[in-house]
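Notes for the one structure printed next.
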Protein chains: 2
Amino acid sequence: MQRGILGTKAVIQIGFVVHDVEKAAKAFAEFFGVEAPSWSLSDPYEKTGCEYKGKPCFARSKNAFFQIGDQLDLELIEPGPEPSVWRDWLDERGEGVHHIAFFIHGMGERVLALEGAGIPLLQKAEFTGGRYAYMDATAGLKVILELLEIEGRG
Amino acid sequence: MQRGILGTKAVIQIGFVVHDVEKAAKAFAEFFGVEAPSWSLSDPYEKTGCEYKGKPCFARSKNAFFQIGDQLDLELIEPGPEPSVWRDWLDERGEGVHHIAFFIHGMGERVLALEGAGIPLLQKAEFTGGRYAYMDATAGLKVILELLEIEGRG
């Protein structure tokens, strides 16, 4: 079976933007009957080299995760005040689902292929062990996509 | 492990509302490198007994599905013009992710338990082989939940 422009159609994450990650994590934890996860702060620009709409992005975010399937997690993101793919969505659309994510290989080529298909790059950054790119597929697919490349992943 | 008020934390569906199910299905099919699925029309009120906000709901919808994981699908919903949980969201928020769904057992009790937890019922209906309920968890969990009960399911 062909697997399209990403090489996969398996969604591995549903990402939410929220105003208060601790409060949202507590609400989900109570709902799921699990312990509330701790949140972590994303790395600073010096480590991520983050770019949003082609400019350096100094926003950091507080992130917490829940496993909601064998190969699916839910990410809660509380963005800092600086412009970012999360902050702008939160300010414009409010709290809720922000993106769906896919594990991919070959970030550079995938991003170019998506851009060629009319799905522009919004934000990209490095993190320890990998990198991500948010792509604006709201025109055709009605959602932001996150591409996640993890080094050494199968 | 305790599994909270639903008896599960496995998300089995991400639901989108769209203006044109055929167009959106074609876009996703091209993106995933698969054949576009055909859409189906939901049953009429006489079969579903659908209620939205406590009143009969005569809206029907065109629905198409993609498998996006071993136990996860993506649902595209094009609602008819009558008031419904889908139409009101589409008119107020536009196209995009509308709900996440869970398989549950014991619909009546689950709905009561969620209502008791401050998550009100929005819409419910019967379909061949089961029933659904949409619950408004936007206050705490920032998303609409769909409970799906399939008769004879494990």
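The values are calculated or read from the model by the stated rules, or taken from the named source; none is laboratory data. Please read all numbers here as calculations on a predicted model, not as lab measurements. Note: ideal-geometry Cβ built from the backbone for every residue, glycine included; neighbour counts use all protein chains shown. Ligands, DNA and RNA are excluded from the accessible area calculation, which covers all protein heavy atoms including side chains. Shrake-Rupley method; radii C 1.70, N 1.55, O 1.52, S 1.80 Å.
List of remarks:
- Given (1) of a type in the set (Lys, Arg); (2) in contact with a Ser or Thr (Cβ under 7 Å, 6 or more places away or on another chain); (3) within 7 Å of chain B (Cβ to nearest Cβ), index of the condition A:Arg60 fails: (3)
- Test: residue in the stretch B:129-140 that is open to solvent by 10 Å² or more (accessible area, probe 1.4 Å) and in contact with a Phe, Trp or Tyr (Cβ under 6 Å, 6 or more places away or on another chain): no
- The stretch A:6-31 residues that are within 7 Å of chain B (Cβ to nearest Cβ), paired with ones that are in a helix (DSSP H, G or I) and modelled with pLDDT of 95 or more (beta carbon under 6 Å, 6 or more apart): A:Lys9/B:Phe32; A:Val18/A:Ala24
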